[in-house]
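Q: Here's a structure for you.
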Amino acid sequence: MIPYGKQSISEEDIEAVVRILRSDFLTQGPAVPAFEQAVSEYCGARFAVAVNSATSALHIAYLSLNLGPGDELWTSPITFVATANAALYCGAKVRFLDVEPDSGNLSVENLGIRLRENRSRGLSLPKIVVPVHLGGLSCDMERVHALSLEYGFSVVEDASHAIGGRYQSTPVGSCRFSNITIFSFHPVKVMTTGEGGMAVTNDLTLAKRMNLLRSHGITRDPAEMTTSPEGGWYYQQIALGFNYRMTDMQAALGLSQLERIDEFVGRRNYLADRYDRLLANLPVGLPARRDDTLSAFHLYAIRIDEKTGKDRRYVFEALRDLGIGVQVHYIPVYMQPYYYELSEAAGELPEAGQYYKATISLPLFHSLSEDMQDRVIAALTGVLK
Ligand SMILES: *Cc1c(COP(=O)(O)O)cnc(C)c1O
């Protein structure tokens with residue numbers, strides 16, 4: 001089976017992890033701050049906080065922006081459940097908004113309409129809006145940012161798919177148009193630390209809060225304490241935090257992977273362009289492209305045209321039977337039983353429902369060869385005939 005995604009681990013990656021295993025610190029050593037600095041420099045954001053998953057990064061990002069009971073977080077339903085779950089951890093409500101039909105990204109136009117509508121009716125406005133850069137393609141962040149100034153909400157970019165991507169010639173994660181951006185380093189994503197995530201920001205206060213929350217709310221900085229330290233052993237817990245720390249093994253792997261990030265994204269774009277060319281005559285919608293936006297191409301998701309008379313389930317199962325490990329990203333979160341009564345989604349969102357019905361992710365990863373890709377294309381062509 002050709003999988004839809006797969007990590008790329010080099011000998012250098014392995015050696016970097018082994019060096020940590022032979023060193024003094026397996027966790028809370030020098031590799032984590034080194035990895036944080038490397039990611040913040042790569043993205044052009046001032047601060048970075050490494051954690052044990054993107055889910056944890058979302059949680060501490062939302063908390064540091066004071067999301068709590070009585071608040072609403074608005075996001076796209078075409079995402080992994082973690083984007084929404086982290087808001088529920090904070091006791092907030094989630095409202096799902098409809099998406100763009102071609103990209104599956106949050107529709108900024110629709111966001112504008114919902115905001116205007118709620119303001120004019122005196123209904124609640126979001127505390128945080130979370131654009132998800134689906135498949136690695138950045139949302140139109142400049143327009144989201146303009147709305148955030150008008151309506152007073154914070155913006156967290158869920159860039160779990162998008163490290164190495166660009167928007168307006170700037171790396172995703174620069175936080176030019178957001179308060180915080182988060183990344184995932186799960187093995188299927190663009191680069192990996194096994195499990196792992198990161199939050200980047202230009203705001204020192206938010207960075208400090210996230211730092212505190214990732215490790216029990218404990219500080220060793222005298223300036224943050226309520227009294228002067230009682231001695232060298234002294235620390236204070238000044239907030240309720242968690243153990244969301246990344247290990248040094250993970251950070252060393254991340255540092256080593258980050259050296260190849262542009263190669264990873266370059267290879268993914270090369271294969272995506274090749275898919276675009278070779279699928280051009282099939283009755284499928286190709287992944288959306290946007291001016292001045294470089295997708296990191298975590299996913300290559302096509303949409304099966306209704307005119308084929310073949311539904312997505314048929315295509316999915318036929319391709320799996322042929323050894324092509326296709327996948328679906330994502331079941332709209334409001335369709336999950338746990339969310340039936342919790343979310344503020346006013347029933348079905350038509351574009352999200354339509355996107356879900358048609359979409360299928362084809363294999364795309366660093367070591368996918370052109371031969372393997374040709375097999376995927378031949379299989380798909382046969383199945384759609
Ligand atoms: C993978 C993913 C997450 C969660 O990432 P973890 O590192 O597995 O916690 C969150 N949001 C999106 C869009 C994702 O794809």
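Q: Within segment 198-220, is even one residue within 23 Å of SER148 (Cβ to Cβ), within 14 Å of the ligand (Cβ to nearest atom) and of a type outside the set (D, E, K, R)?
A: At the first step, the residues of segment 198-220 found to be within 23 Å of SER148 (Cβ to Cβ) are 198-210, 213.
Checking which are within 14 Å of the ligand (Cβ to nearest atom) leaves us with 198-199.
Then drop every residue that is not of a type outside the set (D, E, K, R), which leaves 198-199.
Looking through segment 198-220, at least one residue is within 23 Å of SER148 (Cβ to Cβ), within 14 Å of the ligand (Cβ to nearest atom) and of a type outside the set (D, E, K, R).
Q: Among all residue pairs at least 6 apart or on different chains, which show Cβ distances below 7 Å where the first residue, located in segment 288-317, is under 16 Å from ASP276 (Cβ atoms) and the second is surrounded by fewer than 18 Cβ atoms within 10 Å (Cβ to Cβ) and of a type in the set (Asp, Glu)?
A: Cβ pairs passing all conditions: ALA288/ASP102.
Q: Quick one: which of LEU73, LEU58 is in contact (Cβ under 8 Å) with a residue 60 or more places away in the chain and aliphatic (A, V, I, L, M)? Break it down into steps so the answer makes sense when it comes.
A: Values: LEU73 fails: in contact (Cβ under 8 Å) with a residue 60 or more places away in the chain.
After ruling out the rest, the residue left standing is LEU58.
Q: If I filter segment 244-265 for residues that are part of a loop (DSSP other than H, G, I, E, B) and either hydroxyl-bearing (Ser, Thr, Tyr) or touching a Pro at 6+ places or on another chain (Cβ under 8 Å) (or both), do I get at least one hit? Step through it out loud before you land on a result.
A: Step one: list which residues in segment 244-265 are part of a loop (DSSP other than H, G, I, E, B), which gives 244-246, 259-260.
Keeping just the survivors that are either hydroxyl-bearing (Ser, Thr, Tyr) or touching a Pro at 6+ places or on another chain (Cβ under 8 Å) (or both) gives 244.
Looking for residues that are part of a loop (DSSP other than H, G, I, E, B) and either hydroxyl-bearing (Ser, Thr, Tyr) or touching a Pro at 6+ places or on another chain (Cβ under 8 Å) (or both), one finds at least one in segment 244-265, hence yes.
Q: Would you point out the residue of segment 154-172, among those that are buried (at least 24 other Cβ atoms within 10 Å of the Cβ) and touching a strand residue (DSSP E or B) at 6+ places or on another chain (Cβ under 6 Å), that is farthest from LEU364 (Cα to Cα)?
A: Among those residues, the one meeting the criterion is VAL156.
Q: Could you run through segment 151-172 and say how many residues are part of a loop (DSSP other than H, G, I, E, B) and either within 16 Å of ASN52 (Cβ to Cβ) or under 9 Å from the mean Cα position of the chain (by Cα) (or both)? I'd like the intermediate steps shown before the answer.
A: Restricting attention to segment 151-172, the residues satisfying the condition of being part of a loop (DSSP other than H, G, I, E, B) are 152-153, 159-165, 168-169, 172.
Now drop any that are not either within 16 Å of ASN52 (Cβ to Cβ) or under 9 Å from the mean Cα position of the chain (by Cα) (or both), which leaves 159-163.
Matching residues across segment 151-172 total 5.
Q: If you take the residues in segment 80-112 that are within 16 Å of the ligand (Cβ to nearest atom) and of a type in the set (Gly, Ala, Ser), which one is surrounded by the most Cβ atoms within 10 Å (Cβ to Cβ)?
A: GLY104
Q: OK, next. Return the residues of segment 39-63 that are away from the ligand (no atom under 11 Å from the Cβ), under 18 Å from the mean Cα position of the chain (by Cα) and in a helix (DSSP H, G or I); say none if nothing qualifies.
A: Within segment 39-63, VAL39, SER40, TYR42, CYS43, ILE60, ALA61, TYR62, LEU63 qualify.
Q: Only residues that are within 13 Å of the ligand (Cβ to nearest atom), part of a loop (DSSP other than H, G, I, E, B) and crowded, with 24+ Cβ neighbours inside 10 Å: list them for segment 173-187, please.
A: So in segment 173-187, the residues within 13 Å of the ligand (Cβ to nearest atom) come out as 181-187.
Narrowing further to those that are part of a loop (DSSP other than H, G, I, E, B): 185-187.
Within segment 173-187, just PHE185 meets the criteria.
Q: Quick check on segment 119-145: of everything there that is in contact with a Gly (Cβ under 9 Å, 6 or more places away or on another chain) and part of a helix (DSSP H, G or I), which residue is farthest from the ligand (Cβ to nearest atom)?
A: Checked segment 119-145; the qualifying residue farthest from the ligand (Cβ to nearest atom) is ARG143.
Any read-out appearing in this document is the output of simple, stated calculations on the displayed coordinates, not a laboratory observation. It should be emphasised that the depicted structure is a prediction, and the values quoted were computed from it without experimental measurement. Here the Cβ is made from the backbone with ideal geometry for all residues, glycine too, and neighbour counts use every protein chain on show.
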